[in-house]
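The values are calculated or read from the model by the stated rules, or taken from the named source; none is laboratory data. These numbers come from a predicted model, not from an experiment. Cβ placement follows ideal geometry from the backbone for every residue including glycine, while neighbour counts extend to all protein chains displayed. The protein model used for the area step is the full one, side chains on, heavy atoms only, and it has no ligands, DNA or RNA in it. Shrake-Rupley method; radii C 1.70, N 1.55, O 1.52, S 1.80 Å.
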Amino acid sequence: VIAEVRHQLPQNLAPLAKLFKLLGDETRTRLLYALSLRELCVCDLAAILGTSISNTSYHLRHLKTAHLVKYRKEGKMVLYTLDDQHVNTLLKEGMEHIEHTRNEHSS
């Protein structure tokens, strides 16, 4: 059993650990969740989160570097959205897990 699991275990899980570390920040997770609902500019995101534009931009930079969000320019406005469907799936699966464990442990 040990040899089988060792064989199937990826050699480098550091990128996955880094992804979970990024998601471990509540502000970043809130940004991602908001962007899963619709495309938004940094000003709107800051207002939704109740934080400064510079703080929001700081977190968005980290999310862009990790390829979790992308942006497009519309004139002078920069609009952010999730990078791809995988990010949305991560959020959805995470929320479903939370609901599942909440319901399972409240019975």
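Quick notes on this one:
- Annotation: Ser106 fulfils all but one of (1) at pLDDT 95 or above; (2) exposed (fewer than 12 other Cβ atoms within 10 Å of the Cβ); (3) among the small types (Gly, Ala, Ser); the unmet one is (1).
- All positions within the range 1-33 that are more than 22 Å from Lys92 (Cα to Cα) and either among the β-branched types (Val, Ile, Thr) or open to solvent by 100 Å² or more (accessible area, probe 1.4 Å) (or both): Val1, Ile2, Glu4, Val5, Arg6, His7, Gln8, Gln11, Asn12
- Tally of residues being in contact with a Ser or Thr (Cβ under 9 Å, 6 or more places away or on another chain) and either part of a helix (DSSP H, G or I) or closer than 11 Å to Lys18 by Cβ (or both) across the range 60-76: 0
- The residues of the range 34-53 that are surrounded by 15 or more Cβ atoms within 10 Å (Cβ to Cβ) and of a type in the set (Ser, Thr, Tyr), listed by number, are Ser36, Thr51.
- Flag if Leu79 is hydrophobic (A, V, I, L, M, F, W, C) and in a helix (DSSP H, G or I): no
- Residue tally, condition open to solvent by less than 80 Å² (accessible area, probe 1.4 Å) and either under 16 Å from Asn88 (Cβ atoms) or polar (S, T, N, Q) (or both), over the range 54-74: 7
- Residue, farthest from His62 (Cα to Cα), within the range 82-101, restricted to residues that are among the acidic types (Asp, Glu) and in a helix (DSSP H, G or I): Glu99
- Scanning the range 75-91 for residues that are free of Cβ contacts under 8 Å to residues at least 40 places away in the same chain and either hydrophobic (A, V, I, L, M, F, W, C) or open to solvent by 100 Å² or more (accessible area, probe 1.4 Å) (or both) yields Lys76, Met77, Val78, Gln85, His86.
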